[in-house]
Amino acid sequence: MKTEKKGIGFAADLSDDWEKAADRFKEDGIAENVSKIRVSLVLGNEGGIFPVYEQIVKSDPNIIFKENDSAVPWNHVEDMAGIFAFAVEKKLDDIYNSVAPQPASQQDIYKAISNELGLNDKLPISKFKGQHLVSRKIENEGFVFKYPDIEKAVKNLITKSKI
């Protein structure tokens, strides 16, 4: 099992401890396979962070012009649930990131929401090139994302919230 370079700090240490604890299911003979899914920010209308982002953009449409290009690990709620189901169905035994394949910055999320709501002229979403989490490992197992990029995810969530 090839693992990625471990992060630094409390969250990284906590994740590492959780993953080691999950491995005890195999060590104790309770399970043959243990999938450890690292969950990113969940974009969903119910219980996800998306309504917060949407409210920020609605209350300050000019936020799209403020600099904030740090990477945001995100995933649409349906894809996150799909990854969990896929891991169980395929009996995966490893660590996987529940993160969309197309990275986005905070600014990209705001722009996609603004574009979909028609609050400003359509602004291009940048192709983020910084350091970010990747979904390559779960994709290599055969998982196919329904919402691989921020524009498709935002369009789906805003459309659903209007129903």
**Request:** Stick to the Cα atoms of the stretch 1-64, pair each with every other, and give me the Kirkwood hydrodynamic radius in Å at one decimal.
**Result:** 15.1
**Item:** the chain - mean residue ellipticity at 222 nm from DSSP helices (-39,500 (n - 2.57) per run, n ≥ 4, rounded to 500)
**Value:** -13500 deg cm²/dmol
**Message:** For the stretch 36-83, which trypsin sites (Lys or Arg not before Pro) pass both filters: DSSP loop (anything but H, G, I, E, B) and at most 14 other C-beta atoms within 10 Å?
**Reply:** K66
**Request:** Go through the stretch 84-151 and name the trypsin sites (Lys or Arg not before Pro) that are in a DSSP coil and have 16 or fewer other Cβ atoms within 10 Å of their Cβ.
**Result:** K90, K91, K122, K127, K129, K146
**Prompt:** Does the stretch 35-103 classify as rounded, prolate or oblate by the C-alpha gyration tensor (a ≥ b ≥ c root eigenvalues; a/c under 1.5 gives rounded; else a/b over b/c gives prolate, otherwise oblate)?
**Reply:** prolate
**Item:** DSSP-defined beta bridges in the chain - what % are antiparallel, rounded to 5
**Value:** 20
**Request:** Note down, for the chain, the three equivalent ellipsoid semi-axes (square root of 5 times each alpha carbon gyration tensor eigenvalue), biggest first, whole angstrom.
**Result:** 32, 17, 13
**Item:** Degrees separating the helix 150-162 axis from the principal Cα axis of the chain, which is the longest one
**Value:** 70
**Message:** Give me the percent relative contact order of the stretch 45-163, please, defined on Cα pairs under 8 angstrom at least 6 residues apart.
**Reply:** 33
**Complete:** Amide H neighbours of V39 at under 5 Å, excluding residues fewer than 5 places away on the same chain, with H built from the backbone geometry, are S98
**Request:** Lys and Arg at +1, Asp and Glu at -1: add these up for the other residues within a Cβ distance under 14 Å of E32 and post the number.
**Result:** -1
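Read the figures in this text as sums done on the coordinates, not as results from a lab. Worth saying up front: this structure is predicted, and the values here are computed from it rather than measured. A quick note on method: Cβ atoms are made from the backbone with ideal geometry, for glycine too, and the neighbour counts reach across all protein chains shown.
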